[in-house]
Every structure is written in C-alpha cells, then in structure tokens.
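A quick write-up on the structure given underneath.
The values are calculated or read from the model by the stated rules, or taken from the named source; none is laboratory data. Since this is a predicted model, take the numbers as computed values, not measurements. For neighbour counting, all protein chains shown are included, and Cβ atoms are generated from backbone atoms with ideal geometry for every residue, glycine included.
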Amino acid sequence: MIDFWLAAGLLLLTALSFLLIPVLRARRVQREEDRTALNVALYQERVAELQVQQQEGVLNAAQLETGRAEAARELLADTEGVQPPRESRLGKPLPLLAAFLVPVLGVALYLHYGASDKVELTREFSRPPVSMEDMTRRLERAAAAQPDSAEGLYFLGRAYMAQGRSADAAQVFERTVALAGRRPELLGQWAQAQYFADNKHWSPRIQALTDEALKLDPKEVTSLGLLGIAAFEGQRYQAAIDYWNRLLALLPAEDNSRAALQGGIDRATQKLEESGGAVAQKTVMTVRVDLSAAVKANVLPTDSVFIFARAVKGPPAPLAVKRVTVAELPITVELGDADAMMPSLKLSNFPEVQLVARISRAGIPTAGEWIGRSQPLASSITALQPLTIDSPDK
C-alpha cells in the first residue's frame, strides 16, 4: 500500500499547487505595491525639500524644476515593471481554506468509498500462503470484503472443512447456496459439512439435501460418497457398497482417490460377510443405441440422448439412466444399479424392464423429438441389446 499512498500524495500536491500558487502570487504583488508606495513617499519628501531650498534662496526656479525632473525619473525607474493591483473577489482566506479541506475530504471519501482493503487482499493473494491457517484468514477477509461473492464463500467453506471446522463450513455453504442457487454440487458440500457438524448423526435435513442433489444430478460425487459413509457408519454395508460402486464408476482411472474408495468397498464387503450376509450381485444390461436413416437427417450433433430402463410393472421413473449426445452415436452403454436415480429404484429390484432411448434438443429427459423403445426384457439378461431411435416422440 506504500506505493499507492505515495502516488496519492503526489496527486494531492499537484492539486494543492493550483490553489496555493495564486495566493503566493498575491503576496508578491502586495510586496511590489508596498515598495511603490514607499518610493512615492520618498519622491514627495524630495520635492518638498527642493521647494524649501528654493524659498530660502538656495535654488532658483530652473534648479527647482531640474531637481523635480530628477526625482520623477528616479520614481519611474523604481516602479517600472510593477503590475497594476488586481482585485480578487474570493479573497485570501478561501483558497487557504480549500487547500486545507481538499486533502482532508479526499482521504475521508476514499476511506469511506474506496477499496483499499480489496487492493491489499489482491496483493496478499498474489503471494503463496505459508500455511492452511494463513489461507483461511485470507479467505475470511475476502468473504468479509465481498459478502455477495458465492465463489469466495465456497472456497472458504472448503478451507473450513480441511481444518475440521465443519460447523463453520455448514454455515458458509448454506450462505453459498442462498447466493448461487440450489446447485447439486453445493447441496452435496452443504450436506457433508452438516453431517460432520452433527457428529455423524444422519438427519432428515441431510437426507433431503442429498436427495435433492442426486435428483438434480445422479452423478453428484459428494452426495454419493457421503451416503456411502453414512450407510457404513449405520452398518448398512450393502447400501455403502452400492453408493461407493456408483462413485467409483464416475472417477477417472488416474484419480488418486480410487484406491481409498476401493478399500472402503472391500471393508464394507468384509463386514457384510462377517455378519452372515452376502454381497448382492450387480444387475447390468448392455445396450447399443443407433439412429435410423430418417432420424439422422433431422437431428443435430449437439442434441441430448437419454438412454434408460424403466419397470414394465412399477413406477414410471427411470431405474437407470445414461446421457450422451447424437454426435456419440452409435454407442454401447451399460445400465445397472450404479446408474439408479434413487436408491429405492434399482434395476435389480424389478424382474422385467423396457429399454428406451430419447432425443431431446432441449435436454429434457421426459420429453423430446425422437424415441426408440424395446420390447419387455428380463432385467437379468446379459446379452447385448440393440436399440434404434426411429419414431417421433409423441
């Protein structure tokens, strides 16, 4: 901030110069006026002396006139170049008062409306933090300076979680959701922080947050991981395995957390077997989706394609869903319990299903322009199932 205040000081001195220079000029003019008045007085005194000398007979009339002319020349020489006095309507006090008020008001207005704290924060963030505590303090200051920044609050919540301050993190994520909207990744972070803030006590509030997050995005990783943790802590080992398998399928092959996640699945499997249970066999259906020639001529590469299985006898909601684009077709995908939108609606829970592929230019899974449907199939079928999108979606 030192360089900023130096620059501000130079600008202030420049502004003051426009106010003080006229005052200094006025003082110089006053000194010139005073000198002129003194010269006039000396001239008048010299002329009076010459008149006295003429009356006493020392000087004749010609000598008197010569003396007067000499005194007049001296007066003109002394007053030559002196500017005539100028009237100032403002007077001297007003510029001096303005010179005092300009810096005072300038500093006061900057401290009130300026952004010195944000400038300092920018300088701080340009330097690497020395510790996690240092980073958290910076994020706290940034959140205080910009309370409407959802991004700043999000990173502050993540920092609190890294420090084990889950209660503070839950409050910050709640504020973030209020600012940025109910986005699935934010709901998942909020639910996770609230779970640990409540000492790993599962509550209807946390359940509602995770349900909402997964409804908006069935692949929301934080919610899937949290539900697996809660199921494991509640000794619901099969549910933990299912959630963590869904999460494992979403992680890239090079993700470092895959090993830890697989370790959790193995521990849950061991616990389940020790309690006399057996790991449920996963139900997976393999589908190859393509377009008919007529449909190819009427779709765009960016159009969304929803591939899902739904129960023949049961709720209309999809049991397993995958989303791709027209540009990716033809494509072969697997639908299984890991793709379930809700834990209670798994592919393995229904013996007979129908495969559906829908093209939706608006990206809405429940309505579109073109569709393809299969005949009723056993959910346990393992053979590759071809599915062609060939009919208008009515």
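Restricting to region 325-340, what's the tally of residues that are more than 21 Å from Arg361 (Cα to Cα) and buried (at least 16 other Cβ atoms within 10 Å of the Cβ)?
6
Which fully enclosed helices (runs of 4 or more DSSP H) of region 175-280 have 1 or more residues being under 24 Å from the mean Cα position of the chain (by Cα)? First the steps, then the outcome.
Values: elements: 184-197, 204-216, 221-233, 237-250, 257-274.
So the answer is 184-197, 204-216, 221-233.
Whether any residue in region 241-253 is within 26 Å of Met135 (Cβ to Cβ), touching a Phe, Trp or Tyr at 6+ places or on another chain (Cβ under 9 Å) and surrounded by 16 or more Cβ atoms within 10 Å (Cβ to Cβ) is what I want to check.
No, region 241-253 contains no residue that is within 26 Å of Met135 (Cβ to Cβ), touching a Phe, Trp or Tyr at 6+ places or on another chain (Cβ under 9 Å) and surrounded by 16 or more Cβ atoms within 10 Å (Cβ to Cβ).
Looking at region 376-391, which of its residues are over 18 Å from Pro316 (Cβ atoms) and out of contact with any helix residue (DSSP H, G or I) (no Cβ under 9 Å at 6 or more places or on another chain)? Steps first, please.
Filtering region 376-391 for residues over 18 Å from Pro316 (Cβ atoms) gives 378, 380-391.
Result: Ala378, Ile381, Thr382, Ala383, Leu384, Gln385, Pro386, Leu387.
With the requirement that a residue be out of contact with any Phe, Trp or Tyr (no Cβ under 7 Å at 6 or more places or on another chain), hydrophobic (A, V, I, L, M, F, W, C) and modelled with pLDDT of 95 or more, what does region 162-177 give you? Before you say what the answer is, go through the steps one by one.
The first filter runs over region 162-177 and keeps only residues out of contact with any Phe, Trp or Tyr (no Cβ under 7 Å at 6 or more places or on another chain), leaving 162-165, 167, 171, 175.
Going one step further and asking which of them are hydrophobic (A, V, I, L, M, F, W, C), we end up with 162, 167.
Once the filter is applied, which keeps residues that are out of contact with any Phe, Trp or Tyr (no Cβ under 7 Å at 6 or more places or on another chain), hydrophobic (A, V, I, L, M, F, W, C) and modelled with pLDDT of 95 or more, region 162-177 yields only Ala167.
Would you check which residues across region 289-324 are part of a strand (DSSP E or B) and either hydrophobic (A, V, I, L, M, F, W, C) or loosely packed, with under 15 Cβ neighbours inside 10 Å (or both) and list them? I'd like the intermediate steps shown before the answer.
Taking region 289-324 as the starting set, the residues that turn out to be part of a strand (DSSP E or B) are 289-291, 304-311, 320-324.
Those that are part of a strand (DSSP E or B) and either hydrophobic (A, V, I, L, M, F, W, C) or loosely packed, with under 15 Cβ neighbours inside 10 Å (or both): Val289, Leu291, Val305, Phe306, Ile307, Phe308, Ala309, Ala311, Ala320, Val321, Val324.
Condition first: hydrophobic (A, V, I, L, M, F, W, C), surrounded by fewer than 16 Cβ atoms within 10 Å (Cβ to Cβ) and touching a helix residue (DSSP H, G or I) at 6+ places or on another chain (Cβ under 9 Å). Now tell me which residues in region 342-375 satisfy that.
So the first thing to find is which residues in region 342-375 are hydrophobic (A, V, I, L, M, F, W, C), and the list is 342, 345, 347, 350, 353, 355-357, 359, 362, 364, 367, 370-371.
Cutting the leftovers down to surrounded by fewer than 16 Cβ atoms within 10 Å (Cβ to Cβ) gives us 342, 362, 364, 367.
Answer for region 342-375, where residues must be hydrophobic (A, V, I, L, M, F, W, C), surrounded by fewer than 16 Cβ atoms within 10 Å (Cβ to Cβ) and touching a helix residue (DSSP H, G or I) at 6+ places or on another chain (Cβ under 9 Å): just Met342.
Can you find a residue in region 118-127 that is at pLDDT 65 or above and either loosely packed, with under 15 Cβ neighbours inside 10 Å or not hydroxyl-bearing (Ser, Thr, Tyr) (or both)? Walk me through it before giving the result.
As a first pass, look at region 118-127 and keep what is at pLDDT 65 or above: 127.
When the remaining residues are screened for being either loosely packed, with under 15 Cβ neighbours inside 10 Å or not hydroxyl-bearing (Ser, Thr, Tyr) (or both), the result is 127.
The answer is yes, given that some residue of region 118-127 is at pLDDT 65 or above and either loosely packed, with under 15 Cβ neighbours inside 10 Å or not hydroxyl-bearing (Ser, Thr, Tyr) (or both).
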